[in-house]
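Take a look at the structure below.
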Amino acid sequence: MSESPLKLRPGIADAPIYVPGAHGGDDDAEPPVVLSANENPLGPSPKAIEAYGQALALNRYPDGGAVALRNAIGARFGLDPARIVCGAGSDELITLLIRCYAGQGDEVLQSQHGFLMYGISARTVGATPVLAPETNLHTDVDNLLAQVTERTKICFVANPNNPTGTYISGSELRRLREGLRDDILLAVDAAYSEYVDLPDYSDGRDLVDDYENVVMLRTFSKIFGLAALRLGWCYAPAAVVDALNRVRSPFNVSVPAQAAGLAALADREHIALTIDTNTEQLRRLTGALAQLGIASPPSVGNFVLAKFRDADMAKRANAYLMAHGVIVRSVAAYGLSECLRMTVGTAAENDRLLAALTDFLAQDS
């Protein structure tokens, strides 16, 4: 192929392509157990599925402002709908925030093992991702603040963090904000916040109310089970909302996604069932891994980070599990080559995971 005469903007050619977790193939003799993407193993609310099916007037544009959905989000979480922006997943909103507030020569700060899309999106605008070391796989506020320079424009903190499953307290999150300059945007990615029920946890909404440079990011892809529809939202100061609305596409959230999101928000019973199932199976999976001699940091999300003896063992375990119909997530790209991330599945899915993992360890000993 001949070289293109078109000139890319700085950073785009250097941005790695995000590789999602595997989902198996169509020719699998038995449907695989997919525990690679932190999806809701129970699926979405039946009410959301019904609403999706009824929202297929394909010749009509969606409500560009997602007004009904924003009002429902505001009512559900006690937030001002005028300060909510919806997007095609929180991924789109991450990209738009970076597009708004960072560019060539700037720095985008995150913790060492934070979500890959922060750094990828930063590179596409010519900014430099900066990683702050973690302490025991936990975001370290002091290390983040130590990495701040005059070029820092955004600081991303996933709370809970993916792929480690760990979190920092609300007081630590506030200490981080108080240590940042007012001209640095603090983006709190709370994609897994619905799974957390701890008295010292904060999803960041209190900081959005108290400061003009904090954004909270949320998603419908995890606990609401709508990953296929790409639906996310953020809660932000008015100036940030205005900026996002200027750069997003006018119809970025589809009609079916808005309808399903509305129904999913209203189905409290399905959310409660999801939380109860995750709590029970997370406890079971963590305990079983410990009995097998596999360490994992304490997770407050819907996944576990399993640490093997070394990178080679993790690679062999991943291949063995996949060959036996269990798909988990390699996190070597996160600098955790000795680890595999395992979504908390149903009891039956976790049975297959643990049986295959037990067999692997028996053969590998």
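The values are calculated or read from the model by the stated rules, or taken from the named source; none is laboratory data. Quantities reported herein were computed from a predicted structural model and do not represent experimental measurements. Virtual Cβ from ideal backbone geometry, glycine too; neighbours counted across all protein chains shown. For accessibility, only protein heavy atoms count, side chains too; no ligands or nucleic acids. Shrake-Rupley method; radii C 1.70, N 1.55, O 1.52, S 1.80 Å.
General remarks:
- Any helices (runs of 4 or more DSSP H) falling wholly within the range 70-149 and containing at least 3 residues that are farther than 14 Å from Gly232 by Cβ, at pLDDT 95 or above and hydrophobic (A, V, I, L, M, F, W, C): 141-146
- Neighbours by Cβ (under 6 Å, 6+ apart or cross-chain): first from the range 350-365, free of Cβ contacts under 8 Å to residues at least 40 places away in the same chain and more than 12 Å from Gly293 (Cβ to Cβ); second open to solvent by 50 Å² or more (accessible area, probe 1.4 Å) and of a type outside the set (Val, Ile, Thr): Ala356/His324
- Criterion applied to Arg283, Arg246 was being open to solvent by 60 Å² or more (accessible area, probe 1.4 Å) and closer than 25 Å to Thr343 by Cα, and the one residue passing it is Arg283.
- Residue ID - least open to solvent (accessible area, probe 1.4 Å), chosen from residues in the range 323-354 that are within 27 Å of Gln112 (Cα to Cα) and assigned to a helix (DSSP H, G or I): Tyr334
- With respect to the stated conditions, Glu50 fails to be within 30 Å of Thr139 (Cα to Cα), of a type in the set (Asp, Glu) and either touching a residue at least 24 places away in the same chain (Cβ under 8 Å) or in a loop (DSSP other than H, G, I, E, B) (or both).
- Of all residues making up the range 132-150, the number that are under 19 Å from the mean Cα position of the chain (by Cα) and touching a residue at least 60 places away in the same chain (Cβ under 8 Å): 2
- The single condition from (1) open to solvent by 10 Å² or more (accessible area, probe 1.4 Å); (2) modelled with pLDDT of 95 or more that Ala55 fails is (2).
- Spans of helices (runs of 4 or more DSSP H) in the range 179-287 with at least 1 residues under 22 Å from Arg99 (Cβ atoms) and of a type in the set (Phe, Trp, Tyr): none
- Filtered residues of the range 58-74 (kept if surrounded by 15 or more Cβ atoms within 10 Å (Cβ to Cβ) and either charged (D, E, K, R) or under 23 Å from Ser202 (Cβ atoms) (or both)): Asp63, Arg70, Ala72, Ile73, Gly74
- Hits in the range 307-319 (condition: closer than 28 Å to Thr277 by Cα and open to solvent by less than 40 Å² (accessible area, probe 1.4 Å)): Phe308, Ala314, Ala317, Asn318
- Test: Ala191 is within 24 Å of Gly64 (Cα to Cα), buried (at least 18 other Cβ atoms within 10 Å of the Cβ) and touching a residue at least 60 places away in the same chain (Cβ under 8 Å): yes
- Checked against the criterion of being within 28 Å of Tyr61 (Cβ to Cβ), modelled with pLDDT of 95 or more and open to solvent by 30 Å² or more (accessible area, probe 1.4 Å), the candidates Ala238, Ala264 yield just one match: Ala238.
- Among (1) touching a Phe, Trp or Tyr at 6+ places or on another chain (Cβ under 9 Å); (2) part of a loop (DSSP other than H, G, I, E, B), the one test that Gly65 misses: (1)
Matching residues to (1) closer than 18 Å to Asn162 by Cα; (2) acidic (Asp, Glu); (3) surrounded by 22 or more Cβ atoms within 10 Å (Cβ to Cβ):
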| residue | (1), (2), (3) |
| --- | --- |
| Arg76 | no, no, no |
| Arg83 | no, no, no |
| Gly87 | no, no, yes |
| Leu96 | no, no, yes |
| Asp106 | no, yes, no |
| Ile120 | yes, no, no |
| Gly126 | no, no, no |
| Leu131 | yes, no, no |
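- Applying the condition of being in a helix (DSSP H, G or I) and under 24 Å from Ala122 (Cβ atoms) to the range 163-174 and asking which residue is least open to solvent (accessible area, probe 1.4 Å) yields Leu173.
- Of all residue pairs spaced 6 or more apart or on separate chains, those with beta-carbon atoms under 9 Å, a first member in the range 28-44 that is on the phi < 0 side of the Ramachandran plot and open to solvent by less than 20 Å² (accessible area, probe 1.4 Å) and a second member that is modelled with pLDDT of 95 or more and basic (Lys, Arg) are Val33/Arg352; Leu35/Arg329; Leu35/Arg341; Ser36/Arg329; Ser36/Arg341; Asn40/Lys222.
- Hits in the range 288-307 - residues which are over 14 Å from Thr358 (Cβ atoms) and in a loop (DSSP other than H, G, I, E, B): Ser296, Pro297, Pro298, Ser299, Val300, Gly301, Asn302
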